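A short worksheet on the structure shown next.
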Amino acid sequence: MNGSIEEVFAKKKRLKIMTHVVAGYPDLETSQNLILAMAEAGADMIEVQIPFTDPLADGPTIMAANHKALQNGLTPKLCLKMIEEIRDEVKLPLLFMTYANLAYTLGLERFVSESAACGVSGLIIPDLPFDERGYDDYYFWLKECNLVGIQVLSAGLSLSRLKKILKRAEGFIYITLRVGVTGARNGMEIKSVDFIDRVKAYTDLPLAAGFGISSVEQITNLIGKVDMAVVGSHLINLFNSGGKENVQNFIKETNQAIEQVS
Amino acid sequence: MEQKRKKRSKTAGENRYFGDYGGRYVPEMLVPALEELSGAYFHYRESQEFQNELEHLRKNYAGRPTPLYFAENLTRLGRGCKIYLKLESLCQTGAHKINNALGQALLARKMGKTCLVAETGAGQHGLATAAVAARFGLKSRIFMGEVDIKRQYPNVFFMKTMGAEIVPVRDGTKTLKDAVNAALKYWIEHLEDTHYLLGSAVGPFPYPLMVRDFQSVIGREVKAQLRAYENRLPDVLVACVGGGSNSIGLFYPFLEDKNVKLYGVEAGGLGPGQGENARRLGENPRKGIVQGYKSYFILDDEGQVQPTHSISAGLDYAGLGPELAYLHDAGRICFDQVTDVEALTAFKTLCQTEGIIPALESAHAVAYALKIAVEFSGRQIMVVNISGRGDKDLFVAAKELDGEGWLRFLKEEANGERIN
C-alpha cells in the first residue's frame, strides 16, 4: 500500500518533489515504467494525469502528451488499471489529476470510489471549483472514500475566496508559480511569491508549488518558501530528449542539490 | 411588487446557471478575471450612458436596425406561411457578430483593457473583433483553427488588413473548439491588459448571459418591426445554431410569448455517422463540462470531446450554449438538423429567388424554413434569421456550385494570366 500524504510531509527532507506523468504517454507501458522509475529515483509523490481532449490548464507540452496518449487509445479505465497493477510496488502516494468532464461522465461517485480502489491518495480536478454545482457531491465522496481533494490556487485570488477554499482544503495546497498554463519557463512571478506568503498566513497545511519549473536551481530556490516542488512539463521534455534515465538523473540531481543547500 | 422585482433582478446577476446548465467551471486562476468581468458587466448594463453609447454605435457604425424583409418569392416557394428574413447579413462586417463585439469592446475599454483576444470559426466573429479593435484603437489577436483558415480565407485577409494578428491553431481538431481553448489559454497568461472577447453564447459565466444580452437586439428589433408591418407577433422563428449566439439573440425577447414556436437548426453535416456532423442534440445527447460550462457536447462514452464536421465553419462546434440546453430541456425550443447538401441547395435557392447571398451557416436556417413552411397557414408568419452574408463562403460555395468555372479562375489567378 502507498504511503500517506501526511507521511511525506513528516519526512525530514527540506523540500519534497512531486513529479508528473501523463498516463499513456508515450504509451501505457512506458508511462507505467516511468512512474516506477521516478519513485526509484527519489520522487516523494507522483501526480498521474488522466488525459483529456481539452486540457484547459495545460500548456503545449502536456497538451501534446494528452493528445498522443488519446491517439494511442488510452481511456480512464485503462489508466486506473495501470495504477492498480503497480500500487503495491510504488511506496509513495499517487494522485490523479484530470478535468471535470471525465469525472462527471463516469459519475462523481464512481470516479472517486474507483480512484480510491486503485490505490491513489488524492485527486486534483482544476476545473471543478469549490463553489460550482457538483463540487459538494465530489467532496462528499472524497470524504466517504478517504481521499483528499487538492486545491490549485494562484495569485490574484481574493482574500474572502481564499478563506472559503482553505476551509475545505486538505492534504496540501498547490500554488502555481505563474498565472498561466503549465509549461517549462524561467523564473517565478513576484506576485506568486507574495501569494505564497499570503496563503501561509492563513493555513497550516503544507504548500506545494509548480508551473514553469525547468531547472534544479528553480527548485532549490523554493527551499524555505514551500514544502514541495512540482515538476511536470520539464520532465516530459527531458523524457522526450533522453528517455527515463534523463528523468531519473534530474530527480537525483535535484535531491542532491536540496541536500547540499539544506 | 416594485421591491420584489428589484430583488429578482439582483439575484439574476448572481445566478451563474440556466437550470442545471452553464456555471463557471474554470481553474481557480481564471476566477478573479471572470469576477471582474461580471462586476463590470452588471455595473455597465445598468448605466444609461453606456447603453446610449452602445446604441449610437449600433445605429451609426453597425448599421442597425437591420431590415426585416418580407421574402415574397421565398414565401411562394414554401407554399405555407409568410416568410420574413431578418437581414443581419447587412450589418457592418457582414454578420450579427458585430452586435456582441461592439458591446464587449466598449466594456473592455471601460475596464481599461488595451488588447482584445478572440476565437473565430467562420471568421465573422474574428472580423467583427478586428473591426471594433481598429475602431477603438485596441490591439487584437485572433485565434483561428488551421482548417478554418483554409476555408475562410477572405475573412482572414480582411482581419489582417484591419490590423489583427491571426494566430493559427494546430491543436486537436484545428477548428473552432480548439481556437476557444487557445484563446482562453492566451487570456490566462495576459489577464491584466487583455479582454477575451468570446464570440458565442458559450463558455464560463458571465459570457453566455452577456453575449445573449448583446445579441438580443436582433429579437427586439424583429418584435418592433413586425408590430409595425403586421401589428402582431410572429408564429415561428428559425435560426441556425452553432454555439448559439444568433439564435438566442433572436429567440430571447420571445421566450415569454408562448405561442411563438422556436426552431434551432444544427449542422447535420454529411450524415449521422460519428465525426460527420455537429449535432449536440442528436440521437443520444450527452451532457458534459467542457470549456468552462455545463451543457450538451459531442462526447464519447468516456467524456472525450469528439471531432465535428459541417460545411459551415460557424456551426462546426462540439458544444451548445447553456441557455439553449436549458430551453431545449424545458421544451421551449425545438432542435432539428439540416445537412451540408441541403444547406448548399438553400444557399443557391435564396440567391436565385431573392438575390440575397446567405452565409452557409444561415443557409441551414433557410433550408429548414423551406422544409416546415408548408406546415403553417398562409396567414401565419415565420421569421428566419439570416445571421450573416455568404461572401466569405466564396471558396467553399463556388467549388461546389461552379466547379469548373471556379477552378479555371483559380488557375488563371495563380498563373498571373488575368488582366487587371
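Every number here is computed from the coordinates shown, using simple stated rules; none is lab data. No experiment lies behind these values; they were computed from the predicted model shown. Here the Cβ is made from the backbone with ideal geometry for all residues, glycine too, and neighbour counts use every protein chain on show.
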Cα gyration tensor shape for the range A:15-101, rounded if a/c is under 1.5, else prolate or oblate: prolate
Fluctuation leader among B:H364, B:H195, B:H56 - chain B, Gaussian network, Cα springs under 10 angstrom: B:H56
Chain B: most fluctuating residue of B:F50, B:F409, B:F395 per GNM, C-alpha cutoff 10 Å: B:F409
Amide H partners (placed H, <5 Å) of B:F335, local residues excluded: B:G264
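Calculated FRET efficiency, B:H43 and B:N231, Cβ-Cβ r, R0 25 Å, to nearest 0.05? Write out the running numbers ahead of the final one.
Working: r = 38 Å, r/R0 = 1.51.
Efficiency, from the Cβ-Cβ distance: 0.10.
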Placed amide H near A:I17: partners under 5 Å, 5+ positions off or other chain: A:D44, A:M45, A:A229
Size of charge dipole - the protein assembly as shown - debye, nearest 20, with Cβ of Lys, Arg +1 and Asp, Glu -1, no other charges: 2100
Part-to-part distance (alpha-carbon centres) for the range B:314-349 and the range A:234-262, which is given in Å: 51
Options B:Q306, B:V156, B:I386, ranked by Cα towards positive dipole end of chain B, top entry (Cβ charges): B:I386
Within 10 Å of each Cβ in B:175-187, the average number of Cβ atoms from other chains: 2
Eligible aspartates and glutamates near A:K16 by straight Cα distance, threshold 14 Å, same-chain separation 8 or greater: A:E6, A:E7, A:D44, A:E47, A:D227, A:E253, A:E259
Inter-chain shielding of A:132-140 (mean C-beta neighbours from other protein chains, 10 Å cut-off): 3
Inter-part distance where the range B:257-278 and the range B:114-177 are each reduced to a Cα centre, Å: 26
For chain B, built as a Gaussian network whose Cα springs stay under 10 Å, the top-fluctuating residue of B:P65, B:P206, B:P272: B:P272
Gyration tensor verdict on the range B:302-420 (Cα atoms; rounded if a/c is under 1.5, prolate if a/b is larger than b/c, oblate otherwise): oblate
The range A:14-257 - convex hull of the alpha-carbon atoms, volume per residue in Å³: 112
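Rounded to the nearest 20 Debye, what is the dipole magnitude of chain B about its Cα centre when Lys and Arg each give +1 and Asp and Glu each give -1 at the C-beta? Before the final figure, lay out each step's value.
Values: 52 positive and 50 negative charges, 256 e Å.
Its charge dipole is roughly 1240 debye.
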Antiparallel bridge percentage (DSSP; both residues within chain B; nearest 5): 30
Least to most buried among A:I219, B:I142 (fewest other Cβ within 10 Å first): A:I219, B:I142
Amide H contacts under 5 Å for A:I175, placed H, 5+ residues apart: A:L153, A:A208, A:A209, A:G210
Entries of A:K143/A:K191; A:K167/B:K287; A:K91/A:K252 with Cα pairs more than 22 Å apart: A:K143/A:K191; A:K167/B:K287
From phi via Karplus (6.51, -1.76, 1.60), per-residue ³J(HN,Hα) for the range B:227-232 in Hz, x at Gly/Pro: 4, 5, 7, 10, 6, 6
Span from the the range B:228-246 Cα centroid across to the the range B:32-62 one, whole angstrom: 24
For the range B:312-324, Karplus couplings with θ = phi - 60° (6.51, -1.76, 1.60), whole Hz, Gly/Pro x: 9, 4, x, 9, 7, 9, 7, x, 10, x, x, 5, 5
Total charge dipole magnitude, the range A:14-257, about the Cα centre, Cβ charges on Lys, Arg, Asp, Glu only, Debye to nearest 20: 600
Whether chain B is rounded, prolate or oblate, judged on the alpha carbon gyration tensor where a/c under 1.5 counts as rounded: rounded
Reachable lysines from A:K164, criterion Cα separation under 17 angstrom, eight or more residues apart if same chain: A:K200
Proximal aspartates and glutamates to B:K348, defined as alpha-carbon separation beneath 14 angstrom and excluding residues fewer than eight positions away on the same chain: B:D340, B:E361, B:D391, B:D393, B:E400, B:D402
Extreme residue, positive dipole direction of the protein assembly as shown, given options B:G321, A:Q151, A:A57 (C-beta unit charges): B:G321
Across B:K59/B:K97; B:K174/B:K261; A:K11/A:K225; B:K160/B:K294; A:K77/B:K185, pairs whose alpha-carbon gap is larger than 25 Å: B:K174/B:K261; B:K160/B:K294; A:K77/B:K185
Backbone HN-Hα couplings from phi across the range B:271-285 [Karplus 6.51/-1.76/1.60, Hz, Gly and Pro as x]: x, x, x, 5, x, 9, 8, 10, 8, 7, 10, x, 4, 10, x
